[in-house]
Amino acid sequence: MNKQANKKTLPSVCPLDCPDTCSLNAQVQDGTLIAVKGSKANPYTDGVICNKVARYYPDFVHGQSRLTHPLKRVGPRGSGDFERISWDEALDLIHEAFAAAIVKYGPETILPFNYAGPHGELGGGSMDRRFFYNMGATMLNRGPLCGAVRGGAYASVFGNAPGMPPVQVLHSDLVLIWGNNVTVSNLHLAPLLKEMRKKGGKLVIIDPKRIKIAEQCDMHIQIRPNTDVVFAMGLAAELERRDALDHAFIGDWVVGFDTYMAQARDYSLEQVEEICGVSAKEFHAVADLIQAAKNMACSFGNGIERGRSGGSGLRAGMILPALTGHHGRLGAGVVAKSGVATPKNQPRLHGDHLMKPGTRVFNIVDLGMLLQDDTLEPPIAAAMIYNHNPVATHPDQVNLIKGLMREDLFLAGSDVVMTDSMALCDVILPASSHFEHNDVFGAYGQNYLQRAEPVIPCVGESLPNTEIFRRLAARFGYDDPIFKADDAQLMDDAINSGHPQLNGIKGSALPVDKAIEMKALNGEQMIMCQNVIPATPSGKIELFCQDYEDRFGFGVPRYDPVLQDRPFVIITPSSDKRTNATFGGHAASQGLEMVEMHPLDAAERGLNDGAKVTVFNDLGKVTLQLKVTDATRPGVLYSPKGTWRATSDTGLTVNALIPSDVRTDIEHGAAYHETFVEVKPC
């Protein structure tokens, strides 16, 4: 038989938590995924994908860690001792445990413990939401773990209106990349920036680390972590002193100017130098570029949101283009949230009408504490972990593990592969990868809508999330048709086919060989303050947010530092080997993870490049391999996030060092980068 004849290339879409949402070509042979390459179906991603997706997905789908059958724990929790069981037995065990807990404590005793594993509309949240909403289970505010601060900052200024699509930076003559490690976390923006510079545009990188793209820019501002708000508001005050603000634009499109500028004027050049660690020369050079720009664009990563003043830093940075009139034309504005233009209908898909009024809502960052709270009424007696690897991603890892290790807690789990979190569960349900089920994809970092079909059969006895929760709903006797909707119906529920750009095409009928570009309602490219209107209460760009004033005391941004009690702050950026914790079990992520340190700090401690070191604070300690480099500032360490427990001799990761009680200024988000540590040789 000619094996080559059995090889097929089929279209797919990457579901990982990344703004780019690439179109893929899956190479399949005899029902096996053998390779993953980029596809040109999406003009934005244009056939280019990251190395981790290309290299690690076949092993993720077919490797030794793949979960292929339901499992039941037979040893102590965390021992890794499981035995294979049938789907019927697995579903019965979950039903019995959940039902018993509900009888004893009520439905709020059940916790759905999920976040953002797959970003497909169906896989990410559909039948599962309907199931838990109908049950009356505790609800979860998931955004504070990641994304809520950046999303909230944007919405406080522009409302839920789409920002600039990334491709429009080709029309910019100045781009500020702020806390965004483009080549790792926003890959397809990099060639656009290169082309922009070829046309004579200027690129400024504002980041505490000399990231790869900072080696190919016009200016790198190596700012101290968590001080972005001081730099941005200091620039606003300086531009006002230069009479470089666009008062005509401000009069037409901005509200809250006086209140905002009263705060901005408090940040003098001397404070910028002292707090941000930026010289007066660098500060004035950036102000010069902004003042001279005709079309300035700004792109912000999630790194900024992970400090106490993260919401303020993001808001202040996003406000700069409004103060200088950089909206209303191609290439001017904030590169963010263009995916908002996708006509999703998540309330319909999730079944929001099934929510029980008054049901309690937990902040996901609090779960390590809440799982151990003996006074909680009702207690969390049972939980289901899915679309999430909390052990690898949450702050205060030690406390979270303690909470999950409770022997009186029933833990169900569902995942594609065995993870540190699945290893703690009582019953594990094998989930299908996105290569094995239907889904639709509306990106959060670009403006194309895509659909994908299965390219291989479900591996082993694995099932898509939608089918898993259909079966659970049936076990619980939920017989309304909403719990029996097939994937085609769910895709139709997910997307509003009545949107002008879809011309009545249902979600289930979207093409799989091309992506549909979302534009302004008039069919033109989206431009804020031209054919896109801020979706704020005033219909204008708002520099003062009454909601944030009422809830957090941050009506306007301001600097609110955390007292540093250790010599180093450690930053945990994205990894080029993992997307968050996905692929953390691959061989490429095994062994000691790297921690980067400035040569002056290493010399002071007598540490050499390549040494094995212990990084520690009062919460825990982790072993890492030292990389001595001047790419980082003195006093600032870097170690990529998403590692699994086996990478450290202590059985912990850097997340064990991150406090959960320090929160961001808005949205009570996790302040990952307010982590202070010491380092010693092993």
query = Taking the stated definitions as given, is Lys627 touching a Gly at 6+ places or on another chain (Cβ under 9 Å), surrounded by fewer than 19 Cβ atoms within 10 Å (Cβ to Cβ) and farther than 14 Å from Phe676 by Cα?
reply = yes
ask   = Taking interchain pairs and intrachain pairs at least six residues apart, which have beta carbon atoms under 8 angstrom, with the first residue in the range 600-618 and closer than 21 Å to Pro640 by Cα and among the basic types (Lys, Arg) and the second in a strand (DSSP E or B) and open to solvent by 60 Å² or more (accessible area, probe 1.4 Å)?
value = Lys612/Gln625; Lys612/Pro681
ask   = When residues of the range 538-566 are filtered for being open to solvent by 30 Å² or more (accessible area, probe 1.4 Å) and in a helix (DSSP H, G or I), how many remain?
value = 6
note = Residue hits (the range 402-426; over 21 Å from Trp644 (Cα atoms) and either open to solvent by less than 10 Å² (accessible area, probe 1.4 Å) or among the hydroxyl-bearing types (Ser, Thr, Tyr) (or both)) are Leu409
key: Residue list for the range 267-291, filter: open to solvent by 60 Å² or more (accessible area, probe 1.4 Å), in contact (Cβ under 8 Å) with a residue 40 or more places away in the chain and either outside any helix (DSSP H, G or I) or more than 25 Å from Thr632 (Cα to Cα) (or both)   = Gln291
key: Thr375 vs. criteria without any contact (Cβ under 8 Å) to a residue 40 or more places away in the chain, surrounded by fewer than 16 Cβ atoms within 10 Å (Cβ to Cβ), on the phi < 0 side of the Ramachandran plot and of a type in the set (S, T, N, Q)   = yes
remark   = Of the listed residues (Ala671, Ala602), the one being under 18 Å from Pro208 (Cβ atoms), buried (at least 19 other Cβ atoms within 10 Å of the Cβ), under 22 Å from the mean Cα position of the chain (by Cα) and not basic (Lys, Arg) is Ala671
query = Given Val532, Val569, which one is buried (at least 18 other Cβ atoms within 10 Å of the Cβ) and closer than 27 Å to Ile505 by Cβ?
reply = Val532
query = Given the residues Lys37, Lys8, which is the only one that is under 30 Å from Asn302 (Cβ atoms) and in a strand (DSSP E or B)?
reply = Lys37
query = In the range 427-441, which residues are crowded, with 24+ Cβ neighbours inside 10 Å and assigned to a strand (DSSP E or B)?
reply = Ile428, Leu429, Pro430, Ala431, Asp439, Val440, Phe441
remark   = In the range 21-71, residues that are surrounded by 23 or more Cβ atoms within 10 Å (Cβ to Cβ) and out of contact with any strand residue (DSSP E or B) (no Cβ under 9 Å at 6 or more places or on another chain) total 0
note = By residue number, the members of the range 626-670 that are within 21 Å of Gly277 (Cα to Cα) and touching a residue at least 40 places away in the same chain (Cβ under 8 Å) are Asp630, Ala631, Thr632, Arg633, Gly635, Val636, Leu637, Tyr638
ask   = Do we have any residue at all in the range 478-490 that's in contact (Cβ under 8 Å) with a residue 12 or more places away in the chain, open to solvent by less than 50 Å² (accessible area, probe 1.4 Å), outside any strand (DSSP E or B) and under 16 Å from Pro343 (Cβ atoms)?
value = yes
request  = Starting from the range 169-194, take each residue that is under 15 Å from Ala297 (Cβ atoms) and of a type outside the set (D, E, K, R) and list its partners that are open to solvent by 30 Å² or more (accessible area, probe 1.4 Å) and modelled with pLDDT under 95, counting only C-beta distances under 6 angstrom and pairs at least six apart or across chains.
outcome  = Ala190/Thr183
key: Breaking point among (1) assigned to a strand (DSSP E or B); (2) touching a His at 6+ places or on another chain (Cβ under 8 Å), for Ser660   = (1)
key: Search result, residues across the range 292-323 that are closer than 20 Å to Pro162 by Cα and either open to solvent by 10 Å² or more (accessible area, probe 1.4 Å) or hydroxyl-bearing (Ser, Thr, Tyr) (or both)   = Asn295, Ser299, Asn302
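The values are calculated or read from the model by the stated rules, or taken from the named source; none is laboratory data. All values derive from a computational prediction rather than experimental measurement. Please note: Cβ atoms are built from the backbone with ideal geometry, for glycine as well, and neighbour counts cover all protein chains shown. What goes into the accessible areas is simple: the full protein's heavy atoms, side chains included, and nothing from ligands, DNA or RNA. Shrake-Rupley method; radii C 1.70, N 1.55, O 1.52, S 1.80 Å.
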